[in-house]
Amino acid sequence: MKLTKFVHSCVLVEHSGKAVLFDPGIFSWGSGTVDVSVLPGLDAVVVSHKHADHFHEPFVKELIRKFPDAQWAAPLDMHADLQSWGAKKITNQSVNDLDINEIEHAVVEPFGIQVHNLITHFMDLVTHPGDTHNFTETKDILLLPVQAPWGTTIRAIELVNQLKPKYILPIHDWMWNNDWRENAYNRFEDLFANSVTTFLRPVDGQSIEVSL
């Protein structure tokens with residue numbers, strides 16, 4: 001399996017000839033690390049929820065233009081936008097290699113707007129929970145939100161200790177400056193060095209190979 005993070009919560013997952021892109025958000029798009037023209041043929045794009053850091057109109061429109069036949073998975077409150085921008089196949093239900101369930105977005109009011117949220121398992125191997133730490137199951141690879149207005153790094157670590165995935169890839173960390181991000185990644189590596197979980201240290205735009 002190959003994992004490529006493009007800043008914050010946007011992750012490309014490639015496995016057994018299939019490719020899925022998660023959460024094409026504004027921070028990822030603005031980073032310059034994503035070149036849609038060189039992405040592999042996407043079978044699906046999963047958008048966990050409507051907040052701009054996960055769902056950015058120019059990014060989404062470019063993906064629809066480049067991959068007109070891709071399956072889109074998103075909560076119902078996003079379907080009208082996706083349809084108006086030209087997406088052909090849109091669902092909030094499990095389909096093909098995607099096991100999809102709606103799960104509550106962590107509370108953001110009054111700081112932000114409450115929206116619907118999806119937790120998605122890809123090929124029974126990778127879990128992307130969107131914006132929540134309130135879930136009780138993960139597949140072997142957990143794309144783990146590690147920092148947010150709605151959650152804490154400590155809670156993220158507790159989740160790993162409870163659910164014991166084989167691998168974690170940190171997501172939702174755009175708000176950290178580069179120095180602190182490197183420091184935090186070092187701490188994650190130390191914390192899980194002797195555990196059943198392996199910490200995958202991402203470099204934006206660079207792929208990580210994982211054996212399962």
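The values are calculated or read from the model by the stated rules, or taken from the named source; none is laboratory data. Small disclaimer: the values here were computed from a predicted structure and weren't measured. Here the Cβ positions follow ideal geometry from the backbone for every residue, glycine too, while neighbour counts run over all protein chains shown.
Figures for the structure shown
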| read-out | value |
| --- | --- |
| Only one of 144, 125 that is under 13 Å from the mean Cα position of the chain (by Cα) and of a type in the set (A, V, I, L, M) | 144 |
| Matching residues in the range 162-176 - criterion: being part of a helix (DSSP H, G or I) and either out of contact with any Leu (no Cβ under 9 Å at 6 or more places or on another chain) or more than 18 Å from residue 134 (Cβ to Cβ) (or both) | 162 |
| Of residues in the range 169-198 being within 22 Å of residue 8 (Cβ to Cβ) and of a type in the set (Asp, Glu), the one farthest from the chain's Cα centre (by Cα) | 179 |
| Residue check, residue 55 over 15 Å from residue 118 (Cα atoms), buried (at least 17 other Cβ atoms within 10 Å of the Cβ) and either touching a residue at least 12 places away in the same chain (Cβ under 8 Å) or touching a strand residue (DSSP E or B) at 6+ places or on another chain (Cβ under 7 Å) (or both) | no |
| Residue check for residue 16: among the polar types (S, T, N, Q), touching a residue at least 40 places away in the same chain (Cβ under 8 Å), more than 20 Å from residue 114 (Cβ to Cβ) and surrounded by fewer than 20 Cβ atoms within 10 Å (Cβ to Cβ) | yes |
| Search result, residues across the range 35-52 that are crowded, with 23+ Cβ neighbours inside 10 Å and either more than 24 Å from residue 113 (Cα to Cα) or at pLDDT below 95 (or both) | 44 |
| Flag if residue 124 is surrounded by 16 or more Cβ atoms within 10 Å (Cβ to Cβ), assigned to a loop (DSSP other than H, G, I, E, B), acidic (Asp, Glu) and touching a strand residue (DSSP E or B) at 6+ places or on another chain (Cβ under 9 Å) | no |
| Some residue of the range 72-95 being over 15 Å from residue 44 (Cα atoms), in contact with an Asp or Glu (Cβ under 9 Å, 6 or more places away or on another chain), of a type in the set (A, V, I, L, M, F, W, C) and touching a residue at least 40 places away in the same chain (Cβ under 8 Å) | yes |
